[in-house]
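Scroll down for the structure; my scribbles are underneath it.
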Amino acid sequence: MTDLVIRALDESDAHLFDTLPDPLGARAADRLTTWRPDWQRVALRDGTVVARGAWWGGPNDTEPLNVNCFDVLEGEEAAGAELLRSVPWRVGAELNFFAGWRDSPEARAAAEVRFTALRAAGYELLVERFIYRWTPECGLPERPGRLVFAPEPDDAVFFDALRRIHSVTLDAHALVAIQQGGLDQAAQEEIDFFRWCPSPREWWQVARTPEGDLAGIHIPVHNPSGPCIGFIGVVPEQRGHGYARDLLAECTHYLVERGAEFIAAATDQGNFPMAAHFAKAGYPVIRERANFHFVE
């Protein structure tokens, strides 16, 4: 087998990045994503691209936040692993697939090639997620009217609520943060994400019962790709009433009232209650995502 060449691309040969097949629909899913040329790499053998990777971050980030695109030809898993090891960034990976990809033998085989390369490079599967995209054609979910929503200027209120919410969380990313640094780290990571988003801090809202007790929080945000459901959470003592549905409906209306023509959202596939709320609110699953974290 001939030697492998791993390199970045420039304007003269940027087209090479799109020469690989896309059996998982990843490129179509990422049509809103723009990758920086210096955060893209290809692996070539005899001048042919056998693996490609694109790392992604916000417009003001000095280093990427995740591997956002990763494709490998069958039989070139070692090349894919070497491509991942060739960069200095040890960040998580997000692989996007079309919805229902497991029903396709071709897609399952293509996914396993990528998974094998990721594992060889020191990554482990963290969680699989449903990715949603609400549009006006889906219809606005009904506001149940059971909770009172209001902005809250004190970050400490949100920090305390997040600690309480994550004490019984089903979210895989939060569970990792808790394992690493406890509830404080999990809450702070959420706050840091809300702050990282370019949308106004004034959008963050608390939800209370008519008696004034805190029920939960919802965070409507804009990330660099557009409006999205930043966070939905119910405090432990208020669970069992279906309040996540109220929070999701309010968050949707809030963004639409501020001009959103679509709303992105996501939840872990194992979070069955939240997935059910998204379905009832009219949010269709448009793709699925496998999140890997670097462990080596």
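A compact table of results
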read-out: From Gly259, Gly242, residue being open to solvent by 40 Å² or more (accessible area, probe 1.4 Å) and on the phi > 0 side of the Ramachandran plot; value: Gly259
read-out: Tally of residues being part of a helix (DSSP H, G or I) and either of a type outside the set (Gly, Ala, Ser) or crowded, with 19+ Cβ neighbours inside 10 Å (or both) across the stretch 181-207; value: 17
read-out: Counted residues, the stretch 96-116 - those being in contact with a Lys or Arg (Cβ under 8 Å, 6 or more places away or on another chain) and assigned to a helix (DSSP H, G or I); value: 3
read-out: Condition check for Val235: farther than 26 Å from Asn96 by Cβ and surrounded by 15 or more Cβ atoms within 10 Å (Cβ to Cβ); value: yes
read-out: Only listed residue being part of a loop (DSSP other than H, G, I, E, B), hydrophobic (A, V, I, L, M, F, W, C), within 22 Å of the chain's Cα centre (by Cα) and more than 18 Å from Arg287 (Cβ to Cβ), chosen from Trp35, Trp89, Trp55; value: Trp89
read-out: Unmet criterion (only one of (1) under 24 Å from His173 (Cβ atoms); (2) open to solvent by less than 50 Å² (accessible area, probe 1.4 Å); (3) in contact (Cβ under 8 Å) with a residue 40 or more places away in the chain) for Pro23; value: (1)
read-out: Test: residue in the stretch 157-180 that is basic (Lys, Arg) and in a strand (DSSP E or B); value: no
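The values are calculated or read from the model by the stated rules, or taken from the named source; none is laboratory data. Keep in mind that what you see is a predicted model, and the values were worked out from it rather than measured. Cβ atoms come from the backbone with ideal geometry, glycine included; neighbour counts cover every protein chain shown. SASA here: full protein model, heavy atoms, side chains in, ligands and nucleic acids out. Shrake-Rupley method; radii C 1.70, N 1.55, O 1.52, S 1.80 Å.
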